[in-house]
1. Once label points are set 7 Å from the Cα along Cα→Cβ at both F62 and R20, what is their separation, rounded to one decimal in nm?
2. Can you compute 3J(HN,Hα) from phi for each residue in region 14-28, using the Karplus curve 6.51 cos²θ - 1.76 cosθ + 1.60 with θ = phi - 60°, rounded to whole Hz and x for Gly and Pro?
3. Taking loop as defined by DSSP and a crowding limit of 13 other beta carbons within 10 Å, which chymotrypsin sites (Phe, Trp or Tyr not before Pro) in region 20-61 fit?
4. Once Lys and Arg get +1 and Asp and Glu get -1 on their Cβ, which of V42, N84, M66 lies farthest toward the positive end of the dipole of the chain?
5. Using the 2.2 N^0.38 Å rule of thumb for compact globular proteins, work out how the chain stacks up: its C-alpha Rg over that value, please.
6. Would you pull out the residues with amide H under 5 Å of I28's amide H, same chain only if 5 or more places away, H placed 1.01 Å from N?
7. Give me the percent relative contact order of region 17-91, please, defined on Cα pairs under 8 angstrom at least 6 residues apart.
8. Which residue fluctuates most in the GNM of the chain (Cα springs below 10 Å): A31, A76, A40?
Amino acid sequence: MFRRIEQAGSDSVSLRIEGREFQVPAGISVAAAVLLCGFAKVRNTPVTDSPRLPYCMMGTCFDCLMCIDGVPNLQACQVVVRQNMVIEYQRGAAELQQQE
Ligand code: FES
C-alpha cells in the first residue's frame, strides 16, 4: 500500500514498537514508522474494538493515537521518531487529563 521514496545518505534511528526493535529513517513520523514496519494497527476503537491505522497523516482524523515513551493519546503522525523511542498501541479510550 505504501512505498517509501529512497533517499541516499539518510540517517536512521533505532526504536522499539510493541516490544520489537526496528531501524527506521530519521525524520519520519511515528505513524510513518509504524506503517513502514508493517504493523496492521495502532489501536482498537473502544466501542467496537475495530483495529485502526493512521489515515490522514496530517493531524485531523485522530486514528493514529498511540502511547509514545509512556505518554498515551499522542497523535503518531505529529511526532517525529527519536533514538530509543518506545512506541506502544493505544489501549482503551483516549482520556483527557485534568489541569489542577
Ligand atoms: S493519521 Fe490522522 S491524525 Fe494522525
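1. It works out to 2.9 nm between the two label points.
2. Result, rounded to whole Hz: 9, 8, 10, 10, 6, x, 10, 7, 9, 10, 10, x, 5, x, 8.
3. Y55
4. Ranked along the dipole, the leading option is V42.
5. Values: Rg = 13.7 Å, N = 100, 2.2 N^0.38 = 12.7 Å.
Dividing the Cα radius of gyration by 2.2 N^0.38 Å gives 1.08.
6. V81
7. Numbers: 130 pairs, mean separation 26.4, N = 75.
RCO, region 17-91: 35 percent.
8. A40
The values are calculated or read from the model by the stated rules, or taken from the named source; none is laboratory data. Please read these numbers as outputs of a predicted model, since none were measured by experiment. Because the Cβ atoms are built from the backbone with ideal geometry, glycine has one as well, and the counts that use them run over all protein chains shown. Just the protein is used for accessible areas: all its heavy atoms, side chains included, with ligands, DNA and RNA removed. Shrake-Rupley method; radii C 1.70, N 1.55, O 1.52, S 1.80 Å.
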